[in-house]
1. Looking only at helices (runs of 4 or more DSSP H) that fall completely inside the stretch 22-116, which ones have 1 or more residues that are aromatic (F, W, Y) and over 17 Å from L188 (Cα atoms)?
2. Using beta carbons and a limit of 7 Å, which pairs, at least six apart or on different chains, have the first residue in the stretch 257-286 and within 26 Å of A327 (Cα to Cα) and the second one among the hydrophobic types (A, V, I, L, M, F, W, C) and in a loop (DSSP other than H, G, I, E, B)?
3. Which of the residues belonging to the stretch 207-230 are under 19 Å from V243 (Cα atoms), among the aliphatic types (A, V, I, L, M) and under 30 Å from the mean Cα position of the chain (by Cα)?
4. Identify all residues within the stretch 101-138 that are buried (at least 24 other Cβ atoms within 10 Å of the Cβ) and more than 16 Å from the chain's Cα centre (by Cα); write none if there are none.
5. I need a count of the residues in the stretch 87-100 that are surrounded by fewer than 21 Cβ atoms within 10 Å (Cβ to Cβ) and more than 26 Å from P237 (Cβ to Cβ).
6. If a residue must be touching a helix residue (DSSP H, G or I) at 6+ places or on another chain (Cβ under 8 Å) and either without any contact (Cβ under 8 Å) to a residue 60 or more places away in the chain or closer than 20 Å to G169 by Cβ (or both), how many such residues does the stretch 208-239 contain?
Amino acid sequence: NMWTNTADGTHGWDFVDGDSNPMDIDPSGTYHGTGVAGVIAAITDNGQGIAGTAQISVIALRALGSNGQGSSLNTSQAIRWAADQGAKVINLSLGTNETFVGPTDIQLAVNYAWSKGALIVAAAGNSGTSTLDYPARLANVVSVAAIDESGTRASFSNYGPGLDLSAPGTRIVTLSGGNNQPNNVHYLQGTSFSTPFVTGAAALILSVDPTLTNVELWNILNSTAVQPAGAQRPYNPNYGWGVVNVWNAINALSQPFISVNSYPSSVSSSSTFGVTWSILGPTGVAVTDTHVLWGTVSGSLGNASAVQSGRTHDSFTANGFSMPSGAGAMYFKVVATVNGTTYTSREYTVTASSLPDFLFVLYQLLASNLLYLALFILVLAGVVAFIPQRRAARARRAAARPLTLYPPSYYVQAARPSQPPPVPQPTQVAPWIEPQMAGPPAAPTQIAPAAQPVASIPMAQPTTVKKRCPSCGTMVAADNMFCFFCGNRFR
């Protein structure tokens with residue numbers, strides 16, 4: 001049941017060794033992936049006492065080393081590679097309990113595969129804690145816990161808020177790689193082997209209706225799962241929406257099935273929102289009535305949206321919902337009438353945010369774009385650090401002599417006085433003596449004209465110190481602050 005690349009005949013890729021053979025035999029290897037693949041798609045009537053969940057093609061992608069460990073880079077590359085080859089379901093029987101801030105390469109790869117239409121299924125983890133492993137706790141990932149032979153949660157299985165489904169995870173008979181076990185089968189346990197049961201179930205559902213989207217496929221799996229006896233319903237953090245039930249899931253497609261595909265999990269007090277759904281099952285059957293029932297008390301939904309009509313596999317949307325004043329949550333479900341029979345979805349919850357509207361919008365942006373926020377903070381920090389550096393550079397240039405293409409001889413500087421000029425002393429003026437007239441004035445003396453013209457006495461011209469403009473080369477007075485020709489300012 002191996003997928004084959006029609007371009008080169010290969011069956012996958014080895015991201016550890018960097019070649020096209022992901023199934024090389026290593027005696028020291030764990031063959032973890034071989035056991036996972038056996039749960040999903042081991043061929044039937046193989047004489048080994050096992051059968052895969054679905055008879056579909058498996059792309060072999062090796063991202064972990066022979067010791068069962070590997071890098072997030074190899075894992076993210078494998079996810080993207082599978083999505084690019086058209087994989088409809090991607091199984092991630094791996095994980096870590098580490099906490100990450102902001103999007104990682106794996107999260108970006110998961111979002112990429114989801115955008116390509118793939119359903120990503122991941123193991124919840126084997127630490128027995130109430131926190132899911134990574135990447136099972138990511139959005140756009142179906143997380144899977146393990147149950148034991150008694151039908152209750154296995155002691156080693158992680159659980160908690162965000163868990164989607166459960167599946168058998170103890171004493172799982174599956175394939176063994178490397179010819180290390182008799183008959184090439186052995187018993188394994190862990191959420192790594194619960195996950196492929198859900199992956200195989202999803203593949204089997206797609207074989208019935210290949211047109212299903214990843215959202216619709218997820219809704220079918222969650223809505224048809226069954227809670228163990230005595231467990232809280234409809235959701236239980238120990239089991240998620242319940243134990244996967246392939247029979248229920250396949251039968252759900254034989255009749256109309258309501259898949260709620262889009263709605264917000266939380267809204268601010270004054271924002272409006274919409275709900276989008278589709279009605280699966282037999283194609284092209286008339287839908288005479290479909291609408292949303294909603295209210296502020298779970299199980300008591302007395303309000304209804306406008307009635308719509310259409311056909312199965314159409315998409316329907318009801319807009320204009322808002323959180324009632326003072327309500328902490330709003331509950332809703334979708335109703336549809338097909339061929340005279342009424343079908344109802346499960347109940348969904350939209351919680352009210354306690355943040356003011358503008359803070360809620362900011363929170364939504366930050367929560368969904370942490371990587372871009374980090375980049376924005378780095379750029380902002382760079383700008384803030386650049387401003388004082390820029391000012392300091394300007395101050396240094398102002399204090400330093402400007403560099404020009406002209407030699408120092410082009411600059412003519414007025415000589416500075418070595419000492420301040422002396423303070424002028426007041427002039428002594430003699431007392432005024434009234435002139436005495438001795439007699440009548442004498443007759444004016446006649447002056448004969450000079451034989452030669454009197455030479456003019458040259459006037460002393462003021463000496464002006466000049467300097468050359470470093471911008472245009474024009475000579476200007478040394479005390480000018482600007483060049484009158486080009487406007488250059490002197491320092």
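The values are calculated or read from the model by the stated rules, or taken from the named source; none is laboratory data. Predicted, not measured: the structure shown is a model, and the values here were computed from it. Methodologically, a virtual Cβ is constructed for each residue, glycine included, from the backbone with ideal geometry; neighbour enumeration extends over all protein chains shown.
1. Working: elements: 32-41, 72-84, 105-115.
Where helices (runs of 4 or more DSSP H) fall fully within the stretch 22-116 and carry at least 1 residues being aromatic (F, W, Y) and over 17 Å from L188 (Cα atoms), they are 72-84, 105-115.
2. These pairs meet every condition: V267/M323; S268/L355; S269/M323.
3. The answer is V215, L217, I220, L221.
4. L119, I120, V121, A122, A123, A124, G125, L132, A136
5. Number of matching residues: 1.
6. Taking the stretch 208-239 first, the residues touching a helix residue (DSSP H, G or I) at 6+ places or on another chain (Cβ under 8 Å) are 208, 212, 214, 217, 220-221, 223-226.
The next check asks that each one be either without any contact (Cβ under 8 Å) to a residue 60 or more places away in the chain or closer than 20 Å to G169 by Cβ (or both); those that pass are 208, 221, 224-226.
Residues meeting the conditions: 5.
Residues checked against (1) touching a Gly at 6+ places or on another chain (Cβ under 8 Å); (2) farther than 19 Å from K88 by Cα; (3) not basic (K, R):
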| residue | (1), (2), (3) |
| --- | --- |
| A146 | yes, yes, yes |
| S157 | yes, yes, yes |
| P161 | no, yes, yes |
| S166 | yes, yes, yes |
| G169 | yes, yes, yes |
| S176 | yes, yes, yes |
| H186 | yes, yes, yes |
| L217 | no, no, yes |
| I220 | no, no, yes |
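Yes or no, residue by residue, for (1) in the same structural domain as G326 (by TED's automatic domain parsing); (2) basic (K, R); (3) closer than 30 Å to G200 by Cβ:
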position	(1), (2), (3)
V226	no, no, yes
P234	no, no, yes
G242	no, no, yes
V246	no, no, yes
S259	yes, no, yes
I279	yes, no, yes
A286	yes, no, no
L293	yes, no, no
